[in-house]
Amino acid sequence: MSDGVRDSEFNDSTDWVLGIDGGGTKTVCLVMDETGTIAGRGEAGPSNYQTIGLAAAGESISQAIALAVKELPGVAIAGIGVGLAGVGRPADVQVVQGLVAGLYAESALPIRWNLQSEGVVVTHDCAIALVGGTGSASGVAIVAGTGSIAYGCNSQGESKRAGGWGYRFGDEGSGYQIAIAGLKAAARSHDGRGPKTLLTDSLLDYLNLSQLEDLIEVIYRRGWGVTEIAALSPLVDRAAAAGDAIALQILEDAAGELVLMTQTVALALFTRDQAFEVVTIGGVWRSVCHLGDRFRDSLRTQFPAVQVISPRHEPAYGAGLLALERLGKRVLSS
Ligand SMILES: Nc1ncnc2c1ncn2[C@@H]1O[C@H](COP(=O)(O)OP(=O)(O)OP(=O)(O)O)[C@@H](O)[C@H]1O
């Protein structure tokens, strides 16, 4: 991410905002002035309240804020944008609004709350990822990390989501799905049900195993969860880069699924000849086997004017921009 942290003294006449990105692994808070310049950044533990509970989520958010404002004691906060994983339904938004209201009463925070009611924005993690990633209010964010989801907005304020159903019946094109396909291909090859693949040796090497049967112990008996399995997906990427046909097909399939999700969202929001941006977010896009190029080329056959970009800013920045927009300090282009 390219956002620099400003080192000059803070200006007390400024309307400052907090941008908060609360995820399943960490919470990021940025302090931004009304021009969008970042003056402080703090990181704390997870804040997905659906999985860790409201109290623990509130604690992580408070810690992230305290770290972000460490060098700005007494700063007056006029707005706060919060994007949290798991905040999809209106009922979730209400719960998080309550959580944010609890922060104002937090005397331990070295902040002067000067909040205007319109300056409080509570939304979901994809919305802030889209605004941060594009720096604007419209476009499509296609997330492919441990899981996957596509989310978009157009200039009429309409939004659409595809995917995001989790590892049991969704997450197509994600690190988890790529890893599972790689494991299956190695098992099939080992049995003689499928062609030979470099994945067999790369799994054995990476996991320091002497035979493929030992995978049973690793995958089922060591308490491996979705994250640990998904972390094997770079092995498939590297095997594909080395020319392995099976691994290449797995990446082709993943790219195809990510195109399908993006296209489904884009068709609901834009016309085929309209120019719009698609921002690619998440670890899978680090593919050395050009998954990103395959994705872009395929998408362009349907949307010739589409621009596929890497994120311009992190999601927490998008949360701060949304708060600034609500305060009338910033107009987000669409
Ligand atoms: N070169 C690669 N090819 C394929 N998958 C990769 C590659 N590099 C990383 N990944 C996968 O990306 C996933 C991690 O993505 P990311 O860093 O976006 O984390 P996340 O857990 O999805 O999100 P967050 O940490 O933001 O909550 C892992 O499953 C990892 O295996």
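The values are calculated or read from the model by the stated rules, or taken from the named source; none is laboratory data. Fair warning: this is a prediction, and the values are worked out from it, not measured in the lab. With ideal geometry, Cβ positions are generated from the backbone for all residues, glycine too; neighbour counts draw on all protein chains shown. Only protein heavy atoms, including side chains, enter the accessible area calculation; ligands, DNA and RNA are left aside. Shrake-Rupley method; radii C 1.70, N 1.55, O 1.52, S 1.80 Å.
Summary of computed values
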quantity: For peptides 165-176, 110-121, sequence by mean Cβ density within 10 Å, most packed first; calculated: 165-176, 110-121
quantity: Area accessible to solvent at L267, 1.4 Å probe radius, in Å²; calculated: 80 Å²
quantity: Anchor K184: lysines whose Cα lies under 17 Å away (excluding residues fewer than 8 positions away in-chain); calculated: K196
quantity: Relative contact order, percent, the range 184-334 [alpha-carbon distance under 8 Å, six or more residues apart]; calculated: 17 percent
quantity: Simple label model, 7 Å out from Cα along Cβ direction - A242 to K184, nm; calculated: 2.3 nm
quantity: Long-range amide H partners of V279 with built H, under 5 Å; calculated: V140, A141, I142, I309
quantity: Relative contact order, percent, the chain [alpha-carbon distance under 8 Å, six or more residues apart]; calculated: 23 percent
quantity: Eligible lysines near K26 by straight Cα distance, threshold 30 Å, same-chain separation 8 or greater; calculated: K70, K160, K329
quantity: Cα centre as origin, Lys/Arg/Asp/Glu Cβ charges: the range 242-297 dipole, Debye; calculated: 140 debye
quantity: Cα gyration tensor category, rounded, prolate or oblate, for the range 185-240 with a/c compared to 1.5; calculated: oblate
quantity: Convex hull volume of the range 85-214 per residue (C-alpha atoms, cubic angstrom); calculated: 204 Å³
quantity: With all protein chains modelled, accessible area of I180 [1.4 Å, Å²]; calculated: 50 Å²
quantity: Highest-first arrangement of 307-315, 66-74, where packing means the average Cβ count within 10 Å; calculated: 307-315, 66-74
quantity: Separation in nanometres of the label points that stand 7 Å from Cα toward Cβ, at T35 and Q97; calculated: 3.4 nm
quantity: Dipole in debye (nearest 20) - the chain, about Cα centre, beta carbon charges: Lys, Arg +1; Asp, Glu -1; calculated: 500 debye
quantity: Packing rank of 190-196, 125-131, where each peptide gets the mean count of other beta carbons within 10 Å, highest leading; calculated: 125-131, 190-196
quantity: Residue (of L72, L199, M32) at the positive-pole extreme of the chain, dipole from beta-carbon charges; calculated: L199
quantity: Gaussian network model of the chain, springs between alpha carbon atoms under 10 Å - residue of I229, I281, I61 with greatest fluctuation; calculated: I229
quantity: Beta bridge orientation in the range 58-166: antiparallel %, DSSP, nearest 5; calculated: 60 percent
quantity: For the chain, calculated [θ]222 nm from helices alone, where every DSSP H run of n ≥ 4 adds -39500 (n - 2.57); calculated: -12500 deg cm²/dmol
quantity: Cα shape, the range 211-260, gyration tensor, a/c 1.5 rule; calculated: oblate
quantity: Antiparallel DSSP beta bridges within the chain, as percent of all bridges there, nearest 5; calculated: 50 percent
quantity: Computed log₁₀ I(q)/I(0) - Debye formula, equal Cα scatterers, no solvent, the range 225-334, q 0.22, 0.23 Å⁻¹; calculated: -1.19, -1.24
quantity: Distance in nm between pseudo-label sites at V288 and R222 (7 Å out along the Cβ direction from Cα); calculated: 2.2 nm
quantity: FRET E, pair S159, Q211, Förster distance 41 Å, beta-carbon r, rounded to 0.05; calculated: 0.25
quantity: Debye log10 I(q)/I(0) at q = 0.13 Å⁻¹ for the range 1-141, Cα point scatterers; calculated: -0.51
quantity: For the range 255-334, size of Cβ-based charge dipole, Lys and Arg +1, Asp and Glu -1, in debye; calculated: 200 debye
quantity: Quotient of Cα Rg and 2.2 N^0.38 Å for the chain, N being how many residues it contains; calculated: 1.08
quantity: Among I309, C289, Q249 the positive-end extreme of the charge dipole of the range 233-322 (Cβ point charges); calculated: I309
quantity: For the range 151-298, diffusion coefficient by Stokes-Einstein and Kirkwood Rh (Cα), 4 °C, 1.567 mPa s, µm²/s; calculated: 78 µm²/s
